[in-house]
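A.B. asks: One structure, as structure tokens, below. Some questions next.
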Amino acid sequence: MKRYKIGEIAKLTGLTVRTLRYYEEEGLISAYRSSHRQRYYSDEVIIYIKRIMELKGLGFTLDEIKRIIEMKGEDESGNKRREELLSAYKAKLSESIERKKKLEDHIAELEWHINQLEGAEDSFQECPGRLCESCRYKEKCTFFKEDEETS
């Protein structure tokens, strides 16, 4: 089994030495200590670090990741962690879909404003007027609704 010093692990993973020490303090990874208190890490730790980075990239908090890692001691088969990860991935997917919908709504709103400003004939303070009937955003337009009500 190859053993790595903390600086080597930092270079291999792209993390800082400080981050690695923090992960160790939080119980996310563990190091072997030499008689001179030098930290050494195994190949298994590299795998854990890569998994932590992957989960962080998917929006998991360190507390969520720690809970999943700690399950190793409770569940030798791995089924409990698999189920927990599956549930967490589904929750993250739902959150991402909701964020995507909000972003799409925001983009549509910006497109509407751009369209309105580009279609204004005399001034940006006026509604495009005659273009309202053919406007693809008229269901959202407060000017169009006001014009309909006053007509």
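We did not get these values from a lab; they are worked out from the coordinates using the rules stated. From a predicted model like this one, the values you see are computed outputs, not experimental measurements. Cβ atoms come from the backbone with ideal geometry, glycine included; neighbour counts cover every protein chain shown.
A.B. asks: Work out from phi, with θ = phi - 60° and the Karplus expression 6.51 cos²θ - 1.76 cosθ + 1.60, the ³J(HN,Hα) of each residue of the range 49-63, listed in order in whole Hz, and give x for Gly and Pro.
C.D. replies: These are the phi-based 3J(HN,Hα) values: 5, 5, 5, 4, 4, 4, 5, 4, x, 8, x, 6, 7, 5, 5 Hz.
A.B. asks: Given the options Gly59, Tyr22, Ile9, identify the residue whose Cα lies farthest towards the positive end of the charge dipole of the range 1-60 (+1 on Cβ of Lys, Arg; -1 on Cβ of Asp, Glu).
C.D. replies: The residue sitting most towards the positive pole is Ile9.
A.B. asks: Moving to a separate point now. For the residue pair Glu83 and His36, what label-to-label distance in nm results when each label sits 7 Å from Cα along the Cα-to-beta-carbon direction?
C.D. replies: 4.8
A.B. asks: Once label points are set 7 Å from the Cα along Cα→Cβ at both Met53 and Glu25, what is their separation, rounded to one decimal in nm?
C.D. replies: 2.2
A.B. asks: Something else about it: List the pairs from Lys11/Lys50; Lys56/Lys90; Lys50/Lys90; Lys80/Lys100; Lys11/Lys80 whose alpha-carbon separation is above 23 Å, in the order I gave them.
C.D. replies: Check vs 23 Å cut-off fails for Lys80/Lys100; Lys11/Lys80.
A.B. asks: A follow-up question, please. Assigning unit charges at the beta carbon (Lys, Arg +1; Asp, Glu -1) and nothing else, what dipole magnitude in debye, to the nearest 20, does the range 1-60 show about its Cα centre?
C.D. replies: Dipole of the range 1-60, to the nearest 20 debye: 240 debye.
A.B. asks: Can you quote the Å³ per residue value for the convex hull of the Cα atoms in the range 1-60, rounded to an integer?
C.D. replies: 78
A.B. asks: Let me ask another. Remind me, what semi-axes does the range 1-100 give for its equivalent ellipsoid, largest first in whole Å, using sqrt of 5 times each Cα gyration tensor eigenvalue?
C.D. replies: That gives 28, 16, 10 Å for the three semi-axes.
A.B. asks: Can you work out the Karplus-derived ³J(HN,Hα) for every residue in the range 21-33? Use 6.51 cos²θ - 1.76 cosθ + 1.60 with θ = phi - 60°, whole Hz, and x for glycine or proline.
C.D. replies: 5, 4, 4, 5, 4, 7, x, 7, 9, 9, 10, 8, 10
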